[in-house]
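The values are calculated or read from the model by the stated rules, or taken from the named source; none is laboratory data. It should be emphasised that the depicted structure is a prediction, and the values quoted were computed from it without experimental measurement. Positions of Cβ are backbone-derived with ideal geometry, glycine not excepted, and every protein chain shown enters the neighbour counts. Ligands, DNA and RNA are excluded from the accessible area calculation, which covers all protein heavy atoms including side chains. Shrake-Rupley method; radii C 1.70, N 1.55, O 1.52, S 1.80 Å.
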Amino acid sequence: MRYAIYFTPPRDHPLTRAASSWLGRDAFSGLTLPHAERTGLALGELAYFTAVPRRYGFHGTLKAPFRLADGYSEADLSAAVRTFAEDVEPVTIDRVAVARLGGFFAIVPEEPNRALDEFAGRVVAVFDKLRAPLTEKEFQRRDSERLSTSQLRNLQNWGYPYVFDDFRFHMTLTGHVEPDDRPRLHAALDKHFSHVLSEPLEIDHLAIFVERETGAPFEVHSMYPIEPVGKRRFA
């Protein structure tokens, strides 16, 4: 089994509902859903372009998928995430938008957000003791020859290339899209998501996702709210 620490809005959040409809899957229940209609794409096309992110579920990566280190259990992970969520402040992204990152599309902050970057870096560092080292097979799967020096160092030290200075928060919506198809995909995404991207996005939950066996879809295991200090109850 592998676990990941992600951000995803609650199941009933308008952005989550829109993303689940786009991807054709609800990561909270694990159920397959009908793909969104009236996007300008054929349903078969939409299924093809969303195949990769559909398996992972709608999320923003904070701590990428990992196996638990020897001596740690699922209960230990849950307790650690709960404690962490009680000790940090939520982060606000003032505006998010659909954008292309290399060959795929995702929802990203419109402007750099230092607080979010620092929050993500803290998640990477705090939970690394629970992560088993990468196997040689897992390391090679990352196609390390294509990584920059800093990304390769991150992979060796933290199990994932895109952390700290190489981190960019994103919530993936497609797999790789060839250049000729990108205008159609971007138009379809704008049409589908425009009504749910006008409000700030609050990073006010942490979620544990689980891959129960190799290649299985990731599902939401548990959610942990992050509340502003002023709203917390203290014993």
Item to complete: Net charge near Phe104: determine it from the other residues with C-beta under 12 Å of the C-beta of Phe104, scoring Lys and Arg +1 and Asp and Glu -1.
Response: 0
Worksheet item: Ordered by residue, what ³J(HN,Hα) values in Hz, to whole numbers, does the range 188-201 give under the Karplus form 6.51 cos²θ - 1.76 cosθ + 1.60, where θ = phi - 60° and Gly and Pro are x?
Response: 5, 5, 4, 5, 6, 9, 4, 6, 10, 10, 7, 9, x, 9
Discussion item. Considering only protein heavy atoms and a probe of 1.4 Å, how much of the accessible area of the chain is carbon and sulfur, as a whole percent?
Written reply: 50 percent
Worksheet item: Out of Phe104, Gln156, Leu134, whose Cα points farthest toward the positive end of the dipole of the chain (charges: +1 Lys, Arg; -1 Asp, Glu; placed on Cβ)?
Response: Leu134
Worksheet item: So, counting K/R as plus one and D/E as minus one, what does the shell of residues with Cβ under 13 Å around Arg2 add up to?
Response: +1
Item to complete: Have a look at the range 57-184 and give its Rg and Dmax from the Cα atoms, expressed in angstrom.
Response: 16.1, 50
Fill in: For the chain, built as a Gaussian network whose Cα springs stay under 10 Å, the top-fluctuating residue of Arg146, Arg25, Arg54
Arg146
Item to complete: Between Lys63, Lys129, Lys137, find the one with the highest GNM mean-square fluctuation for the chain; connect C-alpha pairs within less than 10 Å.
Response: Lys137
Discussion item. Can you bin every Cα-Cα distance in the range 3-49 into 5 Å intervals starting at zero and give me the percent of pairs per bin, rounded to whole numbers?
Written reply: 5, 21, 28, 21, 15, 7, 2, 0
Worksheet item: Taking the Cα centre of the range 150-195 as origin and charging only Cβ (+1 Lys, Arg; -1 Asp, Glu), how large is the dipole, in debye to the nearest 20?
Response: 100 debye
Item to complete: Compare the Cα positions of Asn113, Val177, His35 along the charge dipole of the chain (+1 at Cβ of Lys, Arg; -1 at Cβ of Asp, Glu; about the Cα centre) and return the one farthest towards the positive end.
Response: His35
Discussion item. Taking a ≥ b ≥ c as the square roots of the Cα gyration tensor eigenvalues, with a/c under 1.5 meaning rounded and otherwise prolate when a/b beats b/c, else oblate, which class fits the range 183-225?
Written reply: oblate
Worksheet item: Nearest 20 debye, what's the magnitude of the dipole of the range 132-235 about its Cα centre given +1 on Lys and Arg Cβ and -1 on Asp and Glu Cβ?
Response: 260 debye
Worksheet item: Taking Cα centroids, how far is the range 7-50 from the range 106-137 in Å?
Response: 24 Å
Item to complete: Lys and Arg at +1, Asp and Glu at -1: add these up for the other residues within a Cβ distance under 13 Å of Asp94 and post the number.
Response: -2
Worksheet, complete the sentence: For the range 152-218, the per residue accessible area (1.4 Å probe, Å²) is 51 Å²
Discussion item. In 5 Å bins starting at zero, report the fraction of Cα pairs in the chain per bin as a rounded %.
Written reply: 1, 6, 13, 18, 20, 18, 13, 7, 3, 1, 0, 0
Discussion item. Let's see if you can work this out: charge +1 on each Lys and Arg Cβ, -1 on each Asp and Glu Cβ, no other charges. What is the dipole magnitude of the chain about its Cα centre, in debye to the nearest 20?
Written reply: 260 debye
